[in-house]
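S.K.: The structure is given below, and queries will be raised subsequently.
The values are calculated or read from the model by the stated rules, or taken from the named source; none is laboratory data. No experiment lies behind these values; they were computed from the predicted model shown. Backbone-built Cβ (ideal geometry, glycine too); neighbour counts: all protein chains shown.
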Amino acid sequence: MGRTEQLDLSKISVREANQFLHGLQNGEVACVEILQPDGLHSIAAGLDCEVAVEIRGHAGYFIAGMNKRATVTVHGNVGWSVAENIMSGEVRVKGHASESAGASGHGGLLVIEGDASSRCGISLKGGEIVVGGSVGHFSAFMAQAGTLVVCGDAGPNLGDSLYEATIYVRGAIHSLGADALEEEMTADDHAEVARLLAAAGIDYDAREFKRVASARSLYHWNADADQEY
């Protein structure tokens, strides 16, 4: 069983901490605790190792970006673009997240236990995002694949220019974006929401959620549309 290491960002730089994390081999270290993050940016970015990283406090932009295989937990709030371009593994925020959480994620699971700001899941390409609270405007904008689960409310223009991603919302939807529409929930949808809620450790009834998907009217250029899309 691997050991636990502590990295104190009041004593070393983020670059030095990330270099240590990038040099780890699977099983060498079980857990790395990041102390005194103090809103610093790009902590635990670009990881490619099966290691648990515990960030003990609030952090800044691009936390756990491009994550692959690692499990990163932030015990606080985060700034823009947490788990941007996540490939696999899990990133969890115990507090709230600012804009563009999970942007362009390809795989893995992002859990935000609090609220997420605007553009959560923008250009999602296959990952899974579960938000315990609400999300802001233009969430899942141009999401191409993957799933966004929102346990609270969704702000204006949800799913604008949506492709093949699916959104599930428990609370109120302020408005849907272009080409997004609400569909009937099926037994498969209930099972999928229940699976993701269980993975996120959030206890809600999957039958309380609504499904939002693409109307697929923006897939192809229509010369007769006169720019009216």
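S.K.: Do we have any residue at all in segment 210-219 that's aromatic (Phe, Trp, Tyr), surrounded by fewer than 18 Cβ atoms within 10 Å (Cβ to Cβ) and farther than 20 Å from Gly133 by Cα? Reasoning before the result, please.
M.R.: So the first thing to find is which residues in segment 210-219 are aromatic (Phe, Trp, Tyr), and the list is 219.
Adding the requirement that they be surrounded by fewer than 18 Cβ atoms within 10 Å (Cβ to Cβ) leaves 219.
Keeping just the survivors that are farther than 20 Å from Gly133 by Cα gives 219.
Yes - at least one qualifying residue is present in segment 210-219.
S.K.: Now for a different question. Within segment 132-149, how many residues are without any contact (Cβ under 8 Å) to a residue 24 or more places away in the chain and in a strand (DSSP E or B)?
M.R.: The qualifying residues number 2.
For (1) without any contact (Cβ under 8 Å) to a residue 40 or more places away in the chain; (2) closer than 14 Å to Val131 by Cα, each residue gets a yes or a no:
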| residue | (1), (2) |
| --- | --- |
| Gly159 | no, no |
| Leu162 | no, no |
| Ile167 | no, yes |
| Arg170 | no, yes |
| Thr186 | yes, no |
| Ala194 | yes, yes |
| Ala198 | yes, yes |
| Gly201 | no, yes |
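S.K.: With the checklist (1) on the phi < 0 side of the Ramachandran plot; (2) of a type in the set (D, E, K, R); (3) crowded, with 20+ Cβ neighbours inside 10 Å in hand, flag the one item Asp153 doesn't pass.
M.R.: It is condition (3) that Asp153 fails.
S.K.: Being modelled with pLDDT of 95 or more, more than 20 Å from Ser118 (Cβ to Cβ) and small (Gly, Ala, Ser) is true for just one of Ala180, Ala172, Ala191, Ala165. Which residue is that?
M.R.: Only one candidate qualifies: Ala191.
S.K.: Additional query: Would you call Val150 among the β-branched types (Val, Ile, Thr), at pLDDT 95 or above and under 18 Å from Asn85 (Cα atoms)? First the steps, then the outcome.
M.R.: Numbers: among the β-branched types (Val, Ile, Thr): yes; at pLDDT 95 or above: yes; under 18 Å from Asn85 (Cα atoms): no.
The answer is no for Val150.
S.K.: Tally up the residues in segment 112-133 that are of a type in the set (Asp, Glu) and crowded, with 24+ Cβ neighbours inside 10 Å, please.
M.R.: The total comes to 1.
S.K.: Within segment 53-69, can you find the residues that are closer than 19 Å to Gly127 by Cα, of a type in the set (Gly, Ala, Ser) and surrounded by fewer than 24 Cβ atoms within 10 Å (Cβ to Cβ)?
M.R.: Selection gives Gly65 alone.
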